[in-house]
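Take a look at the structure below.
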Amino acid sequence: MRDNDPAAALARIDTTVPHSARVWNFLLDGKDNFQVDREAGETLLRLFPDFAMVARLQREFLIRAVRYLVREAGIRQFLDIGTGLPTANNTHEVAQGLAPESRVVYVDNDPIVLVHARALLTSSPEGATDYIEADVRRPDLILQGAAKTLDLTRPVAVMMLSIVGQVTDEDDPRGIISQLLEPLVPGSHLALSDGTNTNPALMEAVNGYNKNAANTYQLRGPERIAGFFAGLELVHPGVVPTPEWRPDPDRWDEPRNVVSAVCGVARKR
């Protein structure tokens, strides 16, 4: 974990290789990316034209998951790991829009996210928002930093959207998730989504991206991703394709044929 100094962060930004947070920003029509990120994003879109749709579906799952966690599960604390660059409907905006007292900690390891942290740090007067620069592979540092803002004696929702795919099997993603959840109290939740290896075009696009990326992405089978929820109580409808997790009833135009990622929300007993 580094000192949250935007000026120092600027000096650490490597613009010679694409970074997932900036490529994702490009796919969501953001402006906080560099030429190398745009080129990587364009390559992804050329090989898998639905990639921008996948990015949008992930964002919409985040919104629906946070709404469920606030309204139905009564969660008021969120630990959002791999948050990426600020965009519309960030976790704190959705949570505090429903429960102004909500407290949110964001975690990312890209220095450019730190540069934009001030946009993330806005909060309702009743709640709190903070940012930690840390790697998902260091759950000890993440929890240590989160404890400065969150009360770990009360339930916390851990948000892990498209981040576990950036952890190789050698780094033990299931072990990392267990370490993050182990000190949290019963009633805490895990919301997780990741890309699957069920679409040949997506696999080709990701393989091409990984050749030049600063951090590679691992597509896994739906059953492997479902295994990350082991020991937790899955919320209905379980681990399903992203568009199928509690879709908004009034979204008649929601695509149902883009199955390239699965997601789920689960409760710690």
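The values are calculated or read from the model by the stated rules, or taken from the named source; none is laboratory data. A quick note: this is a predicted structure, and the numbers were derived from the prediction, not measured. Cβ coordinates were reconstructed from backbone atoms using ideal geometry, including for glycine residues, and neighbour counts include every protein chain displayed.
If you go through the range 91-116 and pick out every residue that is touching a residue at least 60 places away in the same chain (Cβ under 8 Å) and either aliphatic (A, V, I, L, M) or closer than 22 Å to residue 190 by Cβ (or both), you end up with 6.
When 165, 221, 187, 195 are checked against the criterion of being touching a helix residue (DSSP H, G or I) at 6+ places or on another chain (Cβ under 8 Å) and either more than 20 Å from residue 83 (Cα to Cα) or buried (at least 21 other Cβ atoms within 10 Å of the Cβ) (or both), a single residue qualifies: 195.
Do you know which of the residues in the range 132-163 that are over 17 Å from residue 62 (Cβ atoms) and of a type in the set (Ser, Thr, Tyr) is farthest from the chain's Cα centre (by Cα)?
Across the range 132-163, the extreme among qualifying residues is 153.
Taken over the range 224-253, residues that are modelled with pLDDT under 95 and loosely packed, with under 14 Cβ neighbours inside 10 Å amount to 6. Checking each residue in the range 135-152 for being under 25 Å from residue 19 (Cα atoms), in a helix (DSSP H, G or I) and out of contact with any strand residue (DSSP E or B) (no Cβ under 6 Å at 6 or more places or on another chain) picks out 139, 140, 141, 143.
Count, please, the residues in the range 153-172 that happen to be in a helix (DSSP H, G or I) and over 25 Å from residue 68 (Cα atoms). Residues flagged as in a helix (DSSP H, G or I) and over 25 Å from residue 68 (Cα atoms) within the range 153-172 amount to 4.
Report the residue count in the range 207-230 for those that are without any contact (Cβ under 8 Å) to a residue 24 or more places away in the chain and either at positive phi or not in a loop (DSSP other than H, G, I, E, B) (or both). Step through it out loud before you land on a result.
Here is the first cut: in the range 207-230, the residues without any contact (Cβ under 8 Å) to a residue 24 or more places away in the chain are 207, 210-211, 223-224.
Going one step further and asking which of them are either at positive phi or not in a loop (DSSP other than H, G, I, E, B) (or both), we end up with 207, 210, 223-224.
Going through the range 207-230 one residue at a time, the tally reaches 4.
Checked against (1) touching a residue at least 60 places away in the same chain (Cβ under 8 Å); (2) farther than 21 Å from residue 65 by Cα; (3) surrounded by 14 or more Cβ atoms within 10 Å (Cβ to Cβ), residue 144 passes all but condition (3). The residue of the range 66-109 that is farthest from the chain's Cα centre (by Cα), among those that are in a loop (DSSP other than H, G, I, E, B) and closer than 15 Å to residue 142 by Cβ, is 109. Residue count for the range 95-124, restricted to those that are β-branched (Val, Ile, Thr), under 27 Å from residue 153 (Cβ atoms) and crowded, with 22+ Cβ neighbours inside 10 Å: 3. Residues that are of a type in the set (Lys, Arg) and either in contact (Cβ under 8 Å) with a residue 24 or more places away in the chain or crowded, with 17+ Cβ neighbours inside 10 Å (or both) within the range 17-45 comprise just one, 22. From the list 15, 43, the one residue that fits, being more than 20 Å from residue 242 (Cα to Cα), touching a Phe, Trp or Tyr at 6+ places or on another chain (Cβ under 6 Å) and not aromatic (Phe, Trp, Tyr), is 15.
Quick check: is even one residue across the range 122-129 closer than 25 Å to residue 261 by Cβ and either of a type outside the set (Lys, Arg) or more than 14 Å from the chain's Cα centre (by Cα) (or both)? The answer is no, given that none of the residues of the range 122-129 is closer than 25 Å to residue 261 by Cβ and either of a type outside the set (Lys, Arg) or more than 14 Å from the chain's Cα centre (by Cα) (or both).
Restricting the range 198-218 to residues that are of a type in the set (A, V, I, L, M, F, W, C) and surrounded by fewer than 21 Cβ atoms within 10 Å (Cβ to Cβ) leaves a set whose member that is modelled with the highest pLDDT is 203. Could you list all residues from the range 102-134 that are touching a strand residue (DSSP E or B) at 6+ places or on another chain (Cβ under 9 Å) and among the acidic types (Asp, Glu)? Correct list: 108, 110, 130, 133.
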